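Worksheet for the structure shown next.
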Amino acid sequence: MNSSPSAVAISLFLAVIAVTLAITYWAQKRSRTTSELYAAGGKIKAWQNGWAIAGDLLSASTFLGGIGMVYMAGYDAVVYAFAPLLGFVVMLGFIAGPMRKLGRFTFVDAAATRLSPTPIRLIGALSGLAVSLMYLIGQMLGVGGLIEILFGIPYEAAVVLVGMLMVIYVTFGGMLATTWVQLTKAVLLVFGTSLLAVLALAQTNFSIDELYERAAAVHKLGAGLLQPGGMGLSAIDSASLSIALILGMPGMPHLLMRFFTVPDATTARRSLAICITIVGVVYYIVYFILGAAGVALLAANPAYTDGSGMVPGGSNMVALHLAHFLGGDVLFGLIAAVAFATILAVVAGLTVAAAGSISHDLYAKVIAKENRSEQTEKFVFRVSTVVIGLLGVALGIAFKGQNILFVTGLVFSIGASACFPILIMAMYWSRLTTAGAVAGGATGLALSIGLIVLGPSVWVQILGNATPIMPLSQPAIISAPAAFIVMILVSLVTREAERAIAPA
Amino acid sequence: MNVKLDKRGAVGTAIAVALVSAYQALYFLAPDFLATPLWGGSYLTVAFLLGTLSVAIPVVVGWWMIQGDKADGEIFDVTHR
């Protein structure tokens, strides 16, 4: 296949930019107050928020990486489908409703309601900021390479373009623009993946059995492609990854922030049920149909693979090559545009969360306190957005070509080991003290970072050592329980001073 | 302040986590069982069926959890110490 960008791909790429900028222009007139900037004024409907949360979560790594992972490792990749869905169930069962009721703009609001606010906001904002920034850097690194391949734009220019767009969306349109960009992207993603799935199944007369038979016939793993073991994960590695995804998901600040965009707790929970359905459908299509379709239709096709069975551009490009196989330049252009929209929506959500941590949790609640004004807080939010945009661009360019697999692991590990324990214990355990929450959160944060640095992803692959000090690539099985244990022990030996409930 | 536990949410979460964890445990305890064809000559395996269920269960449990929610939006009791 010709890898140069088609006129269709470039036209649809420009159309995505035009539509998202039009959304921002429309939202800008409706984003005057801090409530509108952070939370779209709390006026988003359940179905809108459900689609927007799905748009916030479903990143390019889900869509492109998921199909590529099945192409490479086979059936084992499904752990990346059910574990995040379980994370959403935990979020729905324990977090979403109380979060909407207790908080105002950020997840730290809910945790700080009954504990001493300054230390909780510091540790909560630090953890949240670490998650948002790491996630953002990971997305920016992916963005440059992807857009370079899809549209022929140089890596550095692509990173600058995405950085500029995300700053424009968030600075001018705030959460309202971000919501509609995410919603639009989620609709495009469901449409794009469904279209690919229908066209792929049409190749086998809509027989999934035949699709899997053809996949097994051409892949190097043979029938093993459809059986457990393709990724070679040990039981403890697999359990640790699942814990990170299940407990990390309800600790993601950019997802939690979306619950403040709806009017009440019932709507927050309803929107999450809608989101779980959308994400479940996309995951099923990606992991159970398109992954197998990529193998069945491309792996032995000399027009799309080299001698080893790999497609040009690596496994992340399987979805694009599959689109080209099924629908030529037009479908390739459409799916490329969907991938681009996917990236924009996720970085916008992360930017709102990171800027909110700085302007609301740190500036308004810790630094300025009674001296703050709405005008100043809005100004700090917008300046923070620009700074985060510049930081994302600078780090995206600085880390060009680096192996960034550890970033995703780190993000979910911090979410599971710092954000989630603070949040759920503050909500449900009356004995929790500020000292316990801070000690547990700090333990989770430090262990997440430290153990990942000592693990195979950084210690061996980046720093070049022969063997890792920490054998697990995902440390959540250690760091998350450690955070809870420290939180409980320190709370049991300290006392919390009685104080009035502070408004968020 | 403490949030009163939503029993339906807790039960639903426990069911979903238990079922999907059992499926994941089978990966390591009984991989041969998971590789069993669903019917004679089929390339679809028990792993495919259980994997499908592991995606469907969170969706079904999610909708079941919100069935008891009140329409006025005030669904969580928050008690202050």
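The values are calculated or read from the model by the stated rules, or taken from the named source; none is laboratory data. If you're wondering where the values come from, they're calculated on a predicted model, not measured in any experiment. Neighbour counts run over all protein chains shown; Cβ positions are idealised from the backbone, glycine included. Just so you know, the surface numbers come from the protein's heavy atoms only, side chains and all, with ligands and any DNA or RNA stripped out. Shrake-Rupley method; radii C 1.70, N 1.55, O 1.52, S 1.80 Å.
Averaged over its residues, how many other protein chain Cβ atoms are within 10 Å of peptide A:209-217's Cβ atoms? Don't skip to the end; give the middle numbers.
Working: counts 8, 1, 2, 5, 4, 1, 1, 1, 1.
Mean partner shielding for this stretch: 3.
Putting +1 on Lys and Arg Cβ atoms and -1 on Asp and Glu Cβ atoms, find which of B:PRO31, A:LEU322, A:TYR169 reaches farthest to the positive end of the dipole of the protein assembly as shown.
Highest projection toward the positive end goes to A:TYR169.
Compute the separation of the alpha-carbon centres of the stretch A:153-186 and the stretch A:455-489 and state it in Å as a whole number.
Between the Cα centre of the stretch A:153-186 and that of the stretch A:455-489, the gap is 33 Å.
Under the rule of at least 5 residues apart or a separate chain, name every residue whose amide H is placed under 5 Å from the amide H of B:THR45.
HN-HN under 5 Å from B:THR45: B:LEU38.
Which shape class applies to the stretch A:346-455: rounded if a/c is under 1.5, otherwise prolate when a/b exceeds b/c and oblate if not, where a ≥ b ≥ c are the square roots of the Cα gyration tensor eigenvalues? Can you show the working numbers first?
On the way: a/c = 2.48, a/b = 1.01, b/c = 2.45.
In terms of gyration-tensor shape, oblate.
Against the longest alpha carbon principal axis of chain A, how many degrees, from 0 to 90 and to the nearest 10, is the axis of helix A:434-454 turned?
30 degrees
Classify the stretch A:1-92: rounded, prolate or oblate, from the alpha-carbon gyration tensor (a ≥ b ≥ c, eigenvalue square roots; a/c under 1.5 rounded; otherwise prolate if a/b is larger than b/c)? All intermediate terms of the calculation are to be shown ahead of the outcome.
Details: a/c = 4.02, a/b = 1.22, b/c = 3.30.
In terms of gyration-tensor shape, oblate.
Name the residues of the stretch A:221-253 whose amide N is less than 16 Å from a point 7 angstrom out from the Cα of B:LEU26 along the C-beta direction?
So the set is A:226-229.
Quick check of the Kirkwood formula: for the stretch A:7-399, what is the inverse mean of 1/r over all pairs of different Cα atoms, in Å? If you can, show how the numbers build up before the last one.
Working: mean 1/r = 0.0468 Å⁻¹.
So the Kirkwood estimate lands at 21.4 Å.
Between B:THR52 and A:ALA398, what is the label-to-label distance in nm when each label sits 7 Å out along the Cα-to-Cβ direction?
4.9 nm
Take A:GLU210 and A:ALA7, extend 7 Å from each Cα along the Cα→Cβ direction, and tell me the distance between the two endpoints in nm.
Between A:GLU210 and A:ALA7, the simple spin-label model gives 3.6 nm.
Quote the total accessible area buried by chains B and A together, excluding ligands, DNA and RNA, probe 1.4 Å, nearest 100 Å². The partial results should precede the final answer.
Working: alone 6420 and 18550 Å², together 20620 Å².
Counting both chains, the buried surface is close to 4300 Å².
Can you list the lysines whose alpha carbon is less than 16 Å from that of A:LYS29, not counting same-chain residues fewer than 8 positions off?
Output for A:LYS29: A:LYS43, A:LYS378.
How many partner chain Cβ atoms sit within 10 Å of a residue's Cβ in peptide A:113-125, on average, as a whole number?
Working: counts 4, 5, 1, 0, 0, 0, 0, 0, 0, 0, 0, 0, 0.
Mean partner shielding for this stretch: 1.
Suppose every K and R has +1 on its Cβ and every D and E has -1 on its Cβ; what is the size of the dipole of the stretch A:7-399 about the Cα centre, in Debye to the nearest 20?
Values: 21 positive and 17 negative charges, 313 e Å.
That gives a dipole near 1500 debye.
When ligands, DNA and RNA are left out and all protein chains stay put, how many square angstrom of accessible area per residue does chain A have with a 1.4 Å probe? If you can, show how the numbers build up before the last one.
Working: 16390 Å² over 504 residues.
Heavy-atom accessible area per residue stands at 33 Å².
If you line up the long axis of helix A:117-151 against the longest principal axis of chain A, both from Cα atoms, how many degrees apart are they, to the nearest 10?
Between the helix axis and the principal axis of chain A, the angle is about 20 degrees.
Run the reach check for B:LYS7 against aspartates and glutamates, Cα to Cα strictly under 16 Å, same-chain hits fewer than 8 apart removed. What comes back?
The qualifying aspartates and glutamates are B:ASP69, B:GLU74, B:ASP77.
Roughly how tilted is helix A:374-398, in degrees to the nearest 10 and between 0 and 90, from the longest Cα axis of chain A?
Taking the Cα atoms of chain A, the angle to A:374-398 is about 40 degrees.
Can you work out the FRET efficiency for the pair B:TRP64 and A:LYS45, with r the C-beta to C-beta distance and R0 = 35 Å, to the nearest 0.05?
Working: r = 22 Å, r/R0 = 0.63.
Taking R0 as 35 Å, the efficiency between B:TRP64 and A:LYS45 is 0.95.
Hey, any idea what % of chain A's accessible area is carbon plus sulfur with a 1.4 Å probe?
Values: 11070 of 16390 Å².
Carbon and sulfur: 68 percent of the exposed surface of chain A.
Of A:GLU213, A:GLU377, which has the most accessible area and how do the rest follow, probe 1.4 Å?
Numbers: A:GLU213 80, A:GLU377 5 Å².
My answer, sorted largest first, is A:GLU213, A:GLU377.
Which stretch or stretches of the stretch A:107-123 have amide N atoms under 18 Å from the point lying 7 Å from A:ARG495's Cα along the Cα→Cβ direction?
Under cut-off, by backbone N: A:115-116.
Say R0 is 35 Å: what FRET efficiency, to the nearest 0.05, do A:GLU370 and A:MET164 get from their beta-carbon distance? Show your work: numbers first, answer last.
On the way: r = 36 Å, r/R0 = 1.03.
E between A:GLU370 and A:MET164, to the nearest 0.05, is 0.45.
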